[in-house]
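None of the figures in this text is laboratory data; all of them are computed from the coordinates on show. What you see is a predicted model, and the numbers here were worked out from it, not measured in a lab. Note: ideal-geometry Cβ built from the backbone for every residue, glycine included; neighbour counts use all protein chains shown.
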Amino acid sequence: MKANSNIDVNGLDCFKAQLTEKDFEAFSKFIYGEFGIKMPPVKRIMLQGRLLKRIRELNMSSYSEYKDYLFSKEGHQEEIFNFLNVVTTNKTDFYREPVHFDFLKSHVLPKFTEKATREPFNIWSAGCSSGEELYTIAITLSEYKREQPSFSFKMLGTDISHNVLDKAAKGVYAINKVDIVPLELKKRYLLKSKDKENQTVKIIPELKNNLNLKYLNLMDTTYSNISEKFDVVFCRNVLIYFDRFTQESVINKLSTYLKPGGYFFIGHSESLTGMDVSLEHIKPTIFRKL
Ligand SMILES: C[S@@+](CC[C@H](N)C(=O)[O-])C[C@H]1O[C@@H](n2cnc3c(N)ncnc32)[C@H](O)[C@@H]1O
């Protein structure tokens, strides 16, 4: 690794290299093999831009230098999670695709209320990103519990990125991220920072009480660190990055964790059409274990 090799004598950034088709292909193959994520040629410029930041941080001078490092034994161990954070798209929001939360409230929860007085209603967000989806679910369930005090719940959030899991654990968000949260719910579940310069909100500790966060690569052959069964699994806007074969295999693995009659939610640009899965179609993007 050359120190400051992308900075010229005047201290100016002179990194102009391009990610060649050959190097892109090598990264693309690696990404698919390690994470199951598709990286078609149209994403070459996007990957080039995202890798550039990391290459600068490491003071490297080219994409191929970074590639050689990543593909080496040492680099694989040291760099794989940083590389993953570069590659994955973690876009998420509070109340993203709100019909799912309405459906949860009006159709799913009433069915489970009686059972959830004996054992907690159990829900898993697979590919939870930085926690906005989980906390939207937590708010929905907590609101339901206000009406049905005997109802109890617990939640699991998993993701392949340690970065986003740390953010989810902190539960601190820029104030504009929660614009969509109704005022009454903001008052009940969010704490506003006093810092006028950098306005943030923090999720109240009570919402995190029943939340467990874990690292999980959905590509793993078995999910050995998940031993419980769930009433609901959310796996939204994650499958979209996988090819059809991987999608089917991930869905089949996830559905073994659903209790009979449990619900499975996918993102609105995803589909299970034509797949051999043991899930019954309820509504677009909403399924039920047979
Ligand atoms: C676009 S975000 C979706 C977040 C949230 N579910 C939502 O719909 O708002 C996709 C998430 O999937 C995660 N992811 C990508 N590949 C994964 C894999 N192989 N195993 C587990 N998580 C993965 C990413 O790290 C990212 O946080």
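At q = 0.20 Å⁻¹ the log10 of I(q)/I(0) for the stretch 138-290 amounts to -1.37, computed by Debye summation with a single uniform scatterer per C-alpha, solvent ignored. The trypsin sites (Lys or Arg not before Pro) of the stretch 112-187 that DSSP puts in a loop, and whose beta carbon has at most 15 other beta carbons within 10 Å, are 118.
Using 14 Å as the cut-off for backbone N distance, which residues of the stretch 128-148 belong to the label zone defined by a point 7 Å from the Cα of residue 93 along Cα→Cβ? Counting only backbone N, you get 132-133. For the stretch 21-87, a/c is not less than 1.5, where a ≥ b ≥ c are the root eigenvalues of the C-alpha gyration tensor, and a/b does not top b/c. That puts it in the oblate class. Restriction of the trypsin sites (Lys or Arg not before Pro) in the stretch 201-290 to DSSP coil positions whose beta-carbon has at most 16 other beta-carbons within 10 angstrom yields 229. Compared with the dominant principal axis of the Cα atoms in the chain, helix 244-255 is inclined by about 40°. Each stretch of four or more DSSP H residues adds -39500 (n - 2.57); spread over every residue of the chain, this sum gives -11000 deg cm²/dmol at 222 nm.
Legend: translational diffusion of the chain by Stokes-Einstein, Rh = Kirkwood radius over C-alpha pairs, 37 °C, 0.692 mPa s; D = 157 µm²/s. Proximity of backbone amide H atoms, modeled 1.01 Å from N, is registered between residue 272 and no other residue at under 5 Å, excluding neighbours fewer than 5 places apart on the same chain.
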